[in-house]
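Worksheet: one structure, shown below.
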Amino acid sequence: MRLRVWVFAVVILASLTIGDTAYARDWYVSISRGKGKKGTKEKPAKELGNILGKLQPGDVVHMAEGVYLGKGDNGTHVITVPVSIIGGYADDFSTRDPWGKHRTILSGDNKTPNYQMTPALFIDLMKVAPRDGYPGKVVVDGLILDHGARNRYKTDKNWMIIRKADPKTGANPTPESGALVIRASKNGMFDKTPWDITVQNNIVMNSAPTMGAMSVSGYKRSTVTIRNNLIINNTGTGIYVGSKFAGAKYDKNGPKFRIENNTVLFTWKHDPIVQSFSGNAMDFDQSVRAVVKNNVLAFADRHLIYNPRSTTILLQGNVMTGNVDTAYLEFNTKIVLDEIEDEPDYIHEDSGDNVAKPVKVAIAPDWLKLYGSRVLVDRNAAEADIKAAGTRANDLRGMLGIPLRAGQANFPQSPVWLPRLSVDDAVKAGSVNYHGKGCRKP
């Protein structure tokens, strides 16, 4: 009898420890035949946004083909618990082909009255309380996140984004957020079950952030895998490798990233003139450990690898080409690819086989001509010869010993900036390897 009581107590204790994950379930979403909030395979929900409040830790959401605009066409989906989102299914969920016949596209509508600036998919785990106590597994697999329809363009040709709203026409501003953002903070069980985040087989396109078009930030001892994604035609940074762990600069417990077989193409500066940190294929936060292997990083308006926080990176077997400024920036030191194994202090000694081979992107020639016609301003050079304005205000500033205000430079105008790329062209660009590297059709 005592043995039976003891076994029963153990079972009860185990069920309490498992907590919410014991009730994790599969959800199904289909824009073409969904209705209601049951979210079953037989009666799927119509929109991911319609079931967000019902999701529990450990749930898996299966999304069928189609274009999803968010609740009220707001263009965004914000999830605050760890779940898996799997796209690319046929309507009956019998087969998957994420970049082919069954594309699951998260998009939006710029003129919606329910407009929001947040990413197309935002998994925000910053407020997970210790009492939740569940393993933190997150998967995003097989989605196409396209901000093209959310952006505001100068004309209906969609050649140049406009960042401000137009109250007269009802046009909203171009979103300043990335398209896919995941951020994880302290999980209640992180010492025993740290965050496990996988982002794979996705396309991120036409987004216009200051920072990461795809941004993933882990926490202490997190494991993050970013593989076989295409990040194409975005401003800011292609992939932002982040950390929400405020440990020491070189803390070995920082989040560990494995970034492999991704293709990052056409990363624009925030605008033609701004000279800040934007226009980089990859940007690394401090307190992360990163293996970057077999990726294609090409056509960045500034740097291919931006490492201003002196993070140690193992860089192996990547194709790196088409940068306007330099291949690698370490703090404020510009280093060309030929010297990337010799001169940096924070490129791991096992790095190697990174090459600058030409990349001929398989997309429409008309779009490539637009890309080639942009005007990229070197602001530092343009302002170098500007003299201080002869004003009374500058006379006073001179007396006080503070910098004088210079005149304004006449910057040339660009005829295009972040012209909208079609999903078909993006899929073409990402469905093949370049020199055996980068992503391919899943």
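Taken together, 291, 274 contain a single residue that is more than 15 Å from the chain's Cα centre (by Cα), surrounded by fewer than 21 Cβ atoms within 10 Å (Cβ to Cβ) and part of a strand (DSSP E or B), which is 291.
I'm trying to understand the selection: among the residues of region 40-75, which are part of a helix (DSSP H, G or I) and either in contact (Cβ under 8 Å) with a residue 12 or more places away in the chain or farther than 21 Å from residue 124 by Cβ (or both)? Quick ask: steps written out before the conclusion?
Initially, region 40-75 is screened for residues part of a helix (DSSP H, G or I), giving 48-50, 52-54, 71-73.
Hits for region 40-75 are 48, 49, 50, 52, 54, 71, 72, 73.
Working only within region 308-338, note down all residues that are closer than 17 Å to residue 297 by Cα and either out of contact with any strand residue (DSSP E or B) (no Cβ under 8 Å at 6 or more places or on another chain) or of a type in the set (A, V, I, L, M, F, W, C) (or both). Within region 308-338, 313, 314, 315, 319, 320, 324, 327, 329, 335, 336, 337, 338 meet the criteria.
Screening residue 81 with (1) in contact with a Leu (Cβ under 7 Å, 6 or more places away or on another chain); (2) over 19 Å from residue 418 (Cβ atoms); (3) modelled with pLDDT of 95 or more; (4) outside any strand (DSSP E or B) gives one miss only, at (3).
Given the structure, is residue 95 in contact (Cβ under 8 Å) with a residue 12 or more places away in the chain, touching a Phe, Trp or Tyr at 6+ places or on another chain (Cβ under 9 Å), hydroxyl-bearing (Ser, Thr, Tyr) and more than 17 Å from residue 182 (Cβ to Cβ)? Before the answer, list the steps.
Values: in contact (Cβ under 8 Å) with a residue 12 or more places away in the chain: no; touching a Phe, Trp or Tyr at 6+ places or on another chain (Cβ under 9 Å): yes; hydroxyl-bearing (Ser, Thr, Tyr): yes; more than 17 Å from residue 182 (Cβ to Cβ): yes.
No, not satisfied.
Selection over region 161-188 of residues that are in contact with a Phe, Trp or Tyr (Cβ under 7 Å, 6 or more places away or on another chain) and outside any loop (DSSP other than H, G, I, E, B) gives a count of 3. Sub-8 Å Cβ pairs linking a first residue in region 367-384 that is over 16 Å from residue 270 (Cβ atoms) to a second residue that is at pLDDT below 60 and in a loop (DSSP other than H, G, I, E, B), at least 6 apart or interchain, are 382/409; 383/409, ordered by first then second residue. Pairs are defined by a Cβ separation below 8 Å, a sequence spacing of at least 6 or placement on different chains, a first member in region 106-132 that is under 16 Å from residue 180 (Cα atoms) and assigned to a helix (DSSP H, G or I), and a second member that is of a type outside the set (Val, Ile, Thr) and modelled with pLDDT of 95 or more; no pair meets this definition. Only a single item in (1) without any contact (Cβ under 8 Å) to a residue 40 or more places away in the chain; (2) outside any loop (DSSP other than H, G, I, E, B); (3) acidic (Asp, Glu) is not met by residue 156, and it is number (2).
Tally time: how many residues in region 339-378 are farther than 18 Å from residue 301 by Cβ, of a type outside the set (Asp, Glu) and part of a helix (DSSP H, G or I)? Here the count works out to 1. Cβ-Cβ contacts under 9 Å between residues 6 or more apart (or on different chains), taken from a first residue in region 322-344 that is farther than 28 Å from residue 371 by Cα to a second residue that is buried (at least 20 other Cβ atoms within 10 Å of the Cβ) and charged (D, E, K, R), are listed as 343/330; 344/330.
The values are calculated or read from the model by the stated rules, or taken from the named source; none is laboratory data. On a predicted model such as this, the values are computed, not experimentally measured, just so you know. Don't worry about glycine lacking a Cβ; one is built from the backbone with ideal geometry, like all the others, and counts go over all protein chains shown.
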